[in-house]
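Read the figures in this text as sums done on the coordinates, not as results from a lab. Not measured: the values here are computed from a predicted model. FYI the Cβ positions are ideal-geometry reconstructions off the backbone, even for glycines, and counts take in every protein chain you see.
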Amino acid sequence: MNAIAGRRPTESPLPIVIVGHVDHGKSTLVGRLLNDTGSLPEGKVEALREMSRRRGMPFEWSFVMDALQAERDQGITIDTTQVRFRTVVRPYVIIDAPGHKEFLKNMITGAASAEAALLVIDVQEGALEQSRRHAYLLHLLGVRQVAVVINKMDMCDFSVDRYQAVSEGILGYLSEIGVTPSAVIPVSARHGNNIVQRCRHMSWYTGPTVTEALDAFTTAKSLADRPLRLPVQDVYKLDERRIVAGRIESGHLNVGDTLTFLPGGRTATIATIESWNEATPRTRAVAGQSVGLTLDQPIFVERGHVASLVAARPVETHTLRVHLFWLGHEPLTIGSRYTLKVATAEHDVTVQAIERVIDVEDLSNHGGDRVERNGVGEVILHSRSAMVVDDFIEVPRTGRAVIVDGYDVVGGCIIQQPKADEMPARNLITTSHTVTPEERIRVNGHLGGVLWFTGLSGAGKSTLAMALERELFRKGIQVYALDGDSIRQGLNADLGFSPDDRSENIRRVAQVGRLFAEAGVIVVTALISPTRADRALARRIGGRHFHEIFIDADLSVCEARDTKGLYRKAREGLISEFTGVSAPYEPPVTPELTLHTGGQTVENCLAELVAYVERILIRPARHGGA
C-alpha cells in the first residue's frame, strides 16, 4: 500500500459510505478506487486475476471487496466492508454497503457511522426504487455530504444526453428530500474513467473526479469537541476498587471532573483513570477511547447508564419521537412492543403512535396505523424505564437507536429533538377541593407531612415507623405508616427490584404520601430508598410536606440484627443487588433529622422523633402557622 505508507499517524480518516442498487457497480467502483490510488497491497490484483483464471471466470474489480466465498458465488455484497485508503489530501475509511433489498439493515449499519456518501447509479437503469430508498436513508441518518456517481458510462457509449437525463432525475428527487449533492460524476468504474484520472471520452464533463469530490468533503465537528457521553459497558470489582468501564463516544474527560450518571442523576468525581502497562497514570481520555474509571464515592452505576459532565447532560425521558426505517417481516403497529437499544442500554418500548408514514418513492406521506417492511415512519415510542438520549444532529452517537424483536434487528431510527419526560396530553383536569388546607389544619390541630425514613435494611426504619405511628395516634394525631414491604405486597406488587423498578416504587410511594399529607395526615414511610437521586425525586413530589429522616446504623450492626435473614441470603448469592452487600447505599447529605440507632434505644430514638414532629408539624399549626 504505497499511498498508505506515508500516512501520518495523527490523521483521522473520514468515513465514507458507498450505497446504491444491487449490480449498479459499487464494489467495482471501490476496487478500482483502491487500485488507482495505490492503496492495494503489492501483488493483490495479480493474485485476484490468478484466482479468476483458476475458477474459469473473468476478472472483476469487485473481487477486491468480495471477501466472502458466498458473495463471490451469489454476485452480491451481503455485509458492510471497511477498507482504509488515502488520497494525496487525507485518509479515508470507505464503507461498501450492500444494495440488495434483503440486506438493508447492513446498509443502515454502514451509513450510520459515515460522514459522507457516494450514491452509485447505473446510467442504463437510472435511479430505481432501491436507489431512491438508499438516498432517503442517507437523509434519514443525517448524512448531508453526498456525491452522485453515474456508473457504466461505457455501456451507453459515454452519451452526454443519457447522463443528463439520469442526472436530472436523481437531482430532482434529492432536492425534494433536502439533499444537495456536491457533484454528479459520470464514470466507468470497470475502466477507471473519472475515478482518479479524467476520461478523454467524456471531455464534455468538467466537474471533479471521484477522488476530487471526496477530497472536497469537509470533516465533521470532532467528536472530542462534542458534549461528553460515556455509556457504561459494565462495572468491575478489582481489589477494593469499583471500576466503571465504557467507551467514550463523544467529548473528553479528566481526573477531577464531576460526572452525572443518567438515568437517576447521581454524581461523583473521577478519582482515577485506570491504565495498564503505562509508566505514568493517565489523567485525560477522549472520544474513541475505552476507559476504566474509579469514582470518589460508591454510587450505584450499571450497564446502560450514561456519564456526562454536569453542565451538558443528555435528555432523560420516557417518551421519544423517532424517524424510523422498518425492516421487520411483520408490520410495525400501534401497541406493539419491542426492545430499543441506545448505546449500551436496552429498553422495553411500546409503539404509542404512528404520526406519519412516508412513501420513499414519491415522498408522499399520510397517517396510518402501521409501517410496512422497508417503510419509513415518524413514530412515538414509550418506555416505562427512563431512556437517556440526545438529538441526533447534536450528538449522533446517543441520538440513534436500533429496534429489536426477539433476537432480530427490525428497525433503525434517529431521535428527533427529545424533551425530558415528554408526554402526550391526557385531557386531565384537576378538580379543586371544597375543604381548604387551613380548615384541615384547624380541625386536626397539626400540619400534614411526609416523614421519609431512609436507611439500610435492619437499621430500624419499620420498628420506629410503627412506634411513632402508635405514639402519635395516642396523642390524637392523624397518622399512618407506609411500610415498604406492605406497599410492595399491594400497590406496587407489579414491581421488581431493578434500579428502574426501585425508582418507580419510590415515585409511587411519594405520590401517595403527598396525597396523605394534603389530606392533613402525617404519613411515615419506611423504605431503604438507597439513592440520593430517588430521594430527591420524592422530595420534589412531596414539596413542602417532605421531611427526610436518616435512620443511621452501621452495616455491621444491621447485618448482626438481620431480623429477616436477608443479609445471609445476599451473602450466599441468593439475592442480587442487595443494598449494602452487592449494591451501594448513598446516605443523605443534609437530612432534616438523623437518628443513630446503632447506639441508642428505641425509646430514645422515638423521643427524638416525637420532639421533631411537635416542633415542625404540631406547634406551627397551634400557633396559626402553616
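Between the beta carbons of Thr218 and Arg373, assuming R0 = 41 Å, the FRET efficiency works out to 0.70 to the nearest 0.05.
Taken along the Cα-to-beta-carbon direction at a fixed 7 Å, the label points for Lys564 and Asn277 span 4.8 nm.
Distances between placed amide hydrogens fall under 5 Å for His318 paired with Met387, Asp421, Glu422, all partners being 5 or more residues away or on another chain. With θ taken as phi - 60° and the Karplus curve 6.51 cos²θ - 1.76 cosθ + 1.60 applied, the whole-hertz 3J(HN,Hα) list for the range 519-530 is 7, x, 8, 8, 9, 10, 9, 10, 9, 4, 5, x Hz, x standing for glycine and proline. Taking amide H positions as modeled 1.01 Å from N, with prolines and chain starts lacking one, the residues under 5 Å from Arg86 and 5 or more places away or on another chain are Tyr92.
Is there a quick way to get the dipole size of the range 437-622? I mean about its Cα centre, with the Cβ of Lys and Arg at +1 and of Asp and Glu at -1; what is the value in debye to the nearest 20? Spell out each step's value before the answer.
Numbers: 24 positive and 24 negative charges, 93 e Å.
Computed charge dipole of the range 437-622: roughly 440 debye.
Using the Cβ-Cβ distance between Thr333 and Phe473 with R0 set to 56 Å, the FRET efficiency from 1/(1 + (r/R0)^6) comes to roughly 0.55. Could you tell me which of rounded, prolate or oblate describes the range 208-273, using a ≥ b ≥ c as the square roots of the eigenvalues of the alpha-carbon gyration tensor, with rounded for a/c under 1.5 and, failing that, prolate when a/b is larger than b/c and oblate otherwise? The shape class here is prolate.
Once you order the gyration tensor axes a ≥ b ≥ c over the Cα atoms, which shape class does the range 437-622 get: rounded for a/c under 1.5, otherwise prolate or oblate by comparing a/b with b/c? Judged from the Cα gyration tensor, the range 437-622 comes out prolate (a/c at least 1.5, a/b above b/c).
Neighbour counts of C-beta atoms inside 10 Å place Met466, Met57, Met202 in the sequence Met57, Met466, Met202, starting with the fewest. Students often get this wrong, so check it: of Lys26/Lys152; Lys341/Lys569; Lys341/Lys419, which have C-alpha atoms separated by over 22 Å? From Lys26/Lys152; Lys341/Lys569; Lys341/Lys419, over 22 Å: Lys341/Lys569.
Please rank Arg400, Arg488, fewest neighbouring Cβ atoms within 10 Å first, as an exposure proxy.
Exposure proxy ranking, most exposed first: Arg488, Arg400.
Once both labels are positioned 7 Å from their Cα atoms along Cα-to-Cβ, the gap between Gln600 and Met466 label points is 2.1 nm.
A simple spin-label model places pseudo-atoms 7 Å from Cα toward Cβ; at Val409 and Ala245 they are separated by 2.4 nm.
From most to least packed by mean Cβ count within 10 Å, the peptides 474-483, 187-196, 205-214 give 187-196, 205-214, 474-483. By the count of other C-beta atoms within 10 Å, a proxy for reagent exposure, Asp234, Asp390, Asp36 are ordered fewest to most as Asp234, Asp36, Asp390.
Using the Cα atoms of the range 251-347 to build a convex hull, what is its mean projected area in square nanometres?
Details: hull surface 35.1 nm².
Convex hull of Cα atoms, orientation-averaged projection: 8.8 nm².
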